[in-house]
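Enquirer: Have a look at the structure that comes next, please.
Every read-out reported here was derived from the displayed coordinates using simple, explicitly stated rules and does not represent laboratory data. It should be emphasised that the depicted structure is a prediction, and the values quoted were computed from it without experimental measurement. Cβ coordinates were reconstructed from backbone atoms using ideal geometry, including for glycine residues, and neighbour counts include every protein chain displayed.
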């Protein structure tokens, strides 16, 4: 494999990233959405290190940290965690669902040129330590390596189609991949259509939470278009047992989608972290879920979903 992935400590060759989780949250330190939901407040580098260590002991080497603008993203904190653990961290710029931004947020007022320019700068120059909350940016040395866009349940949400255009422009200008929040696993085709309309091919897109809608036929269609599918529900039994995820993974492999599958945990709540007294914990996927894939005869495909696929999906390309 050739090409680099942009981490908070600098660009690294994709093939040194090892086992990689494709959708994680290590720090969400504040802002309006976190104030409304205290369980989302992940504001301790020390606890994040504690949470990472058991997963590292099981082989984890890299994570894509998907906390976007508006949630107290902390690029300096991510650098501190990466330096303390040796884990490669790919950080995100971009946006969550429109419901998490107030009516007076700048996403509703800035032009597409301005928004695309801000996102581009976060990838090429450095992330604002204040999450672009203004009024004056304070850029640090950590650069974003992925651009996030999010859709609502069976809808784009207020103003999101305009943000899709901004994200697409920034992705083309920087060569960075796009990773998404697809609410309840919906809007996969619609989002790919909109991104393609703005020049971004599906093979530059990671569809997140797409397994919340465990329709093997639909997911096979999305993979056939070239999009990467991030399966990130393992261990969260309140939604579904892991047996469903194993069956879905097996079905997608059978459909020819093995090269498009990624794994993550999306443990974006204090109550999910072992280091904070909750569960299932970040190590669950490697300690409990992946062995079930091995037992189902999917060892090679599981390794591919943890290494080659996420490394390829997050490799920078030459700007368009």
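Enquirer: Starting from the Kirkwood radius over alpha-carbon pairs of the stretch 14-161, derive D by Stokes-Einstein at 10 °C in a medium of 1.306 mPa s and give it in µm² s⁻¹.
Expert: Taking Rh from Cα pairs, D becomes 99 µm²/s.
Enquirer: Calculate, in whole percent, how much of the Cα-Cα pair population of the chain lies beyond 25 Å.
Expert: 44 percent
Enquirer: Distance between Cα centroids, the stretch 213-265 to the stretch 1-22: provide it in whole Å.
Expert: 23 Å
Enquirer: For a paramagnetic label modelled at 7 Å from the Cα of residue 237 toward its Cβ, which residues of the stretch 261-295 fall within the zone defined by backbone nitrogen distances under 15 Å?
Expert: Answer for this model: 272, 278-281, 284-285, 288-289.
Enquirer: Ranking 249, 71 by Cβ neighbours within 10 Å, fewest first, what do you get?
Expert: 71, 249
Enquirer: Another question about this same structure. How large are Rg and Dmax for the stretch 48-135 when only the alpha carbon atoms are used, in Å?
Expert: 15.1, 46
Enquirer: Looking at the chain, send over the antiparallel percent of its DSSP beta bridges, to the nearest 5.
Expert: 25 percent
Enquirer: Next up: Would you mind computing, in nm to one decimal, how far apart the modelled labels at residue 299 and residue 155 are, each placed 7 Å from Cα along Cα→Cβ?
Expert: 4.9 nm
Enquirer: Run the numbers for residue 196 and residue 9: contour at 0.36 nm per residue of separation, minus the present Cα-Cα distance, in nm.
Expert: The residue 196-residue 9 span can extend by a further 64.2 nm.
Enquirer: What does the convex hull of the Cα atoms of the stretch 271-320 come to per residue, in Å³, rounded to a whole number?
Expert: Value for the stretch 271-320: 110 Å³ per residue.
Enquirer: Next question. Specify whether the C-alpha gyration tensor of the stretch 113-169 places it in the rounded, prolate or oblate class, a ≥ b ≥ c being the square roots of the eigenvalues: rounded for a/c under 1.5, otherwise prolate if a/b is larger than b/c and oblate if not.
Expert: It is prolate, given that a/c is not under 1.5 and a/b is the larger ratio.
Enquirer: Give me the tail of P(r) for the stretch 194-292 as a percent: Cα-Cα pairs with distance above 21 Å.
Expert: In whole percent, the share of Cα-Cα pairs in the stretch 194-292 beyond 21 Å is 37.
Enquirer: In which sequence would 80, 46, 122 go, from the one with the fewest C-beta neighbours within 10 Å to the one with the most?
Expert: Fewest-to-most ranking of 80, 46, 122: 46, 80, 122.
Enquirer: Now for a separate question. Given a cut-off of 17 Å, what percent of all Cα-Cα pairs of the stretch 6-63 lie beyond it?
Expert: Within the stretch 6-63, distances greater than 17 Å cover 52 percent of Cα pairs.
Enquirer: I'd like the Kirkwood hydrodynamic radius of the stretch 184-236, using the inverse of the mean 1/r over distinct C-alpha pairs, in Å.
Expert: Answer for the stretch 184-236: a Kirkwood hydrodynamic radius of 11.1 Å.
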